[in-house]
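Read-outs throughout are calculated quantities, based only on the coordinates presented, and are distinct from any laboratory measurement. This is a predicted model, so every value here is computed, not measured. All Cβ positions, glycine included, derive from the backbone under ideal geometry; neighbour counts span all protein chains shown.
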Amino acid sequence: MRASPLNRRRLLKAAGGLGLAGGFLPGWAISGTAGTGPDLPTLTGPDIELSVGHLRLKVDGRPAHAVAMNGTVPAPLLRFRQGQTARIRVTNTLDEDTSIHWHGLLVPFLMDGVPGLTFPGIRPGETFTYEFPLIQSGTYWYHSHSGLQEPMGHYGPLIIDPPGPDPIASDREHVVMLSDFSPIHPHKLLQRMKQQSGLYNDQKQTVGGLLAGKDQSFTQRREWAKMLMDPTDISDLTGVVFDFLINGHGPKDNWTGLFKPGERVRLRFINAAAQTIFNIRIPGLKLTMVAADGQNIEPVEVDEFQIANAETYDVIVQPLEDKAYTLVSEAVDRSGMGRATLAPRLGMTAEVPPLRARPLATLRDMGMDMPKMAGGMGGHTMDMSMRNPANGPEVKMGPGVQMLAPMPNYGDTPLN
């Protein structure tokens with residue numbers, strides 16, 4: 001049956017009366033979960049039931065309307081084994097259409113979950129069964145492809161174990177699902193962005209920055225002004241309106257994943273944010289990257305990595321000391337961060353580093369610092385030159401020479 005507005009209001013009122021964020025979290029995302037591999041609280045395949053509906057939840061103490069699956073944000077962790085055939089029945093209790101897209105999975109066209117392209121969507125009160133063979137393994141996720149339901153909480157993690165022993169050895173694992181969430185309805189945010197694109201950019205350059213020599217020069221600012229663009233407009237939506245979540249917890253909620261000193265801990269990072277690119281680091285620990293978008297890779301040890309929207313990375317850490325470590329997911333525009341803790345015991349915390357200086361985009365980053373062409377095209381010599389003090393000396397090339405530009409330089413962390 002189609003849900004009435006009255007029923008929806010009653011649901012929101014009743015859910016809001018519970019008042020505890022933990023009541024709306026799936027077991028795998030609750031702070032202090034042991035997180036030991038396949039024993040993570042989860043729904044295991046091949047047959048799974050999901051229900052999509054409204055939810056009232058709190059993030060860092062602020063109430064907001066959300067779209068949940070099985071009454072939780074994030075959604076339940078789904079776990080399968082490669083070689084199984086997944087059968088997932090999805091019931092829609094919303095008063096609007098919904099859908100689920102299986103991000104990164106190779107599935108038959110009609111099971112991909114994109115309304116208007118691969119299927120008509122799931123109508124209010126209806127149930128749709130997704131059925132597809134699982135021909136790959138790794139860390140993936142699932143989310144709505146209907147309207148703006150995804151930024152309202154309609155997303156969850158999905159893990160497919162290999163058919164035999166996992167080639168990535170670990171003693172314990174945690175899913176680390178990153179997202180951005182605002183108590184302001186996403187349709188309202190979109191409306192405001194269309195009216196004024198830089199509305200939420202509160203890190204603009206100032207006259208004080210120019211006089212102090214901290215920001216771009218007057219000449220550079222003039223070039224940006226000609227294009228009606230802003231070098232600090234890195235993210236359209238920022239920490240002004242977003243809480244940056246880790247497993248559904250705001251920075252003040254401080255999700256905690258447990259470990260025993262000396263264990264190899266596998267962290268399955270998933271960026272479910274609708275807007276935000278994150279820079280990930282755990283001060284005091286090296287990060288060994290072992291998988292990207294579900295595919296195993298040659299291990300690479302890093303201090304920090306960047307994760308774009310919808311990407312997944314599997315990382316191994318091995319904390320040796322009996323102490324807590326802060327997990328930082330810093331927004332790429334430095335307008336805020338998600339914060340969590342890895343610790344031997346619940347209740348332990350570590351120092352939270354301050355936000356780093358916000359980056360400034362250059363004309364080259366925007367594709368506007370194009371090589372100059374002298375003399376036109378008709379049989380004349382083309383002199384293509386470019387200068388960027390941050391990336392080295394001027395480069396000159398003759399006709400027919402193709403230039404591969406160096407990566408942009410943002411100081412502490414590249415954006416691309």
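Quick rundown of the values:
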{"item": "Label-point separation in nm, Lys204 to Ser51, each point 7 Å along Cα→Cβ", "result": "4.9"}
{"item": "Unit charges on C-beta of K, R, D, E only; dipole of region 233-308, Debye", "result": "420"}
{"item": "Dipole magnitude of region 156-249 about its Cα centre (Cβ charges: Lys, Arg +1; Asp, Glu -1), debye to nearest 20", "result": "720"}
{"item": "Greater than 26 Å apart at Cα, pairs in Lys58/Lys286; Lys204/Lys286; Lys252/Lys323; Lys204/Lys226", "result": "Lys58/Lys286; Lys204/Lys286"}
{"item": "Region 219-366 - convex hull of alpha carbons, volume per residue in Å³", "result": "129"}
{"item": "Charge dipole (region 69-152, unit charges on Cβ, about Cα centre) - positive-most of Gly71, Leu105, Gly125", "result": "Leu105"}
{"item": "Cα-centred dipole magnitude for region 68-143, charges only on beta-carbon of K, R (+1) and D, E (-1), debye, nearest 20", "result": "380"}
{"item": "Length gained when the stretch Val300-His185 is fully extended (0.36 nm per residue, less Cα-Cα span)", "result": "37.4 nm"}
{"item": "Within region 326-371, trypsin sites (Lys or Arg not before Pro) in DSSP loop having at most 16 other beta-carbon neighbours inside 10 Å", "result": "Arg345, Arg356"}
{"item": "Cα→Cβ-extended label distance, 7 Å offset, between Phe218 and Arg123, nm", "result": "6.6"}
